[in-house]
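Notes follow once the structure below has been shown.
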Amino acid sequence: MTLPNFAFFKGRIVPYSEAKVGVLTHTFNYGTGIFGGLRGYWNAEEKQLFLFRPHDHYHRFLESAKLMLMELPYSQDDIVQFTLDLLRAENFNTDCYIRPICYFNDEIIGVRLHNLHAELTIVAIPFGSYVENEEGSHVTFSSWKRTDDNMIPARGKIAGSYVNSAFIKTDAQRSGFDEAIVLNQDGHVAEGSAENFFIVRKGIVCTPPITDNILEGITRRTVIMLMHDEMGLEVVERPIDRTEVYLAEEAFFCGTGVQVAAITAVDHRPIGSGKLGPIAKELRRIYFDVVRGRDPKYREFCAPVFQKTESLKR
Ligand code: PMP
């Protein structure tokens, strides 16, 4: 992976090599940070980089911070602005991934959330696909369970809860699968290690509700809207049983990293035809147009990074 050239760190943009924390940093020891993950999409025709739904991402980011009692001296608009400044500094003309992190920078021993000092940092790197088999992944049900809202809330993008995701992902991949679907404490489907989950049953698109221990995904919200508004599909948020997945006509993951990735087999059982299904196929087409700023109807989701004059020079 190419390292970033710059970082937003302690209130300004600095060379990446200067963005360093000490080993006693609270979040490094206890996983008490929160983070985000955004994508920038390069639009070659317009020579423009579009940041996808930054306000929605930073709204969730600040909600996660609130859960963790983190107070930042910045507004949502400020953080969007810092991100645009950072992307201009990086001067990407390729797709990229943006990682904002809010962490407790106190260098102390003592596990708690109160009376600590939150700090913001943001970095960005060039980024292509997150998964290899976007049109046909083979996944399994994880033997791990999703952390419950009363353990570490999945609704917050909390650093420590990604240990749960790491167990899920590693055990799936070391068993030869691309990814895993994880169940919650009730035995209902929650999500993937870092993506939300959908099935199609009897023509109806179903996805777990936000009360089933899932991250409230921005891509989830986007694709629910696109399937309803653009594809005329009925989309229902309801608990999903494990065996419904085996019987589904289609299944797919969505998320900023994974985008929209079809699941064509689960635990060696083909899903539907066992090939990329018509709904996932069409949704992928629409989604990629939307995120790259090619669909005028959804252009407001795409924040241009470069000014007109700058982009003309590029
Ligand atoms: N669930 C988890 C656990 C995740 O880490 C992610 C990635 N942020 C998602 C779902 C998808 O969320 P989003 O669409 O906002 O990227």
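The values are calculated or read from the model by the stated rules, or taken from the named source; none is laboratory data. Just so it is clear, the structure is predicted and the values come from calculations on it, not from any experiment. Methodologically, a virtual Cβ is constructed for each residue, glycine included, from the backbone with ideal geometry; neighbour enumeration extends over all protein chains shown.
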Original post:
How about segment 237-252: which of its residues are within 16 Å of the ligand (Cβ to nearest atom) and in contact with a helix residue (DSSP H, G or I) (Cβ under 9 Å, 6 or more places away or on another chain)?
Top reply: Glu237, Ala251, Phe252
**OP:** Among the numbered conditions (1) touching a Phe, Trp or Tyr at 6+ places or on another chain (Cβ under 9 Å); (2) surrounded by 21 or more Cβ atoms within 10 Å (Cβ to Cβ); (3) assigned to a loop (DSSP other than H, G, I, E, B), tell me where Arg294 comes up short.
**Re:** (2)
Subject >> Exclusive hit being more than 19 Å from the chain's Cα centre (by Cα) and closer than 22 Å to Phe52 by Cβ, set Asp186, Asp171, Asp241, Asp229 >> reply: Asp229
Original post:
So, of the residues in segment 1-47 that are of a type in the set (Val, Ile, Thr) and surrounded by 14 or more Cβ atoms within 10 Å (Cβ to Cβ), which turns out to be nearest to Tyr287 (Cα to Cα)?
Top reply: Ile34
Original post:
Among the residues of segment 265-277, is there at least one that is in contact with a Phe, Trp or Tyr (Cβ under 7 Å, 6 or more places away or on another chain), in a loop (DSSP other than H, G, I, E, B) and closer than 30 Å to Gln81 by Cα?
Top reply: no
**OP:** Hand me the list of strands (runs of 3 or more DSSP E) wholly inside segment 1-89 holding 3 or more residues that are without any contact (Cβ under 8 Å) to a residue 12 or more places away in the chain.
**Re:** 12-15
Original post:
With Glu234, Glu300 as the choices, which residue is surrounded by fewer than 22 Cβ atoms within 10 Å (Cβ to Cβ) and assigned by TED's automatic domain parsing to the domain that holds Ala172?
Top reply: Glu234
